[in-house]
Amino acid sequence: MAPFVSLLQAIRRTIDKKTVEVYQLFNEELNLVKKEFNTKTVDLPPMYPHYAGSAAWARMLKRRIDRPMNVRTCCLMNTQNY
């Protein structure tokens, strides 16, 4: 019984460590997007209309955040079933 408990504790420590790493990566990405969004100049290709191009650029930044967040939410929902 004791080896099983120690194995579970080791697994739990590993999961906690990896969870912290994932949140740090997400936080770094969020800060990069925030910094890029707060820049006053938007580099758009010349064929993009000004306002529509700016909206497409903002949507692209939002997707950079949404994609990892959706993965995290999906993983959390899957682990709650166990």
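Figures for the structure shown
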| item | result |
| --- | --- |
| Extension gain from residue 16 to residue 52, taking 0.36 nm per residue of separation minus the Cα-Cα distance | 8.7 nm |
| Computed lengthening from residue 61 to residue 34, 0.36 nm per intervening residue step minus Cα-Cα distance | 8.9 nm |
| Cα gyration tensor category, rounded, prolate or oblate, for the chain with a/c compared to 1.5 | prolate |
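Read-outs throughout are calculated quantities, based only on the coordinates presented, and are distinct from any laboratory measurement. These figures come from a predicted structure and were not determined experimentally.
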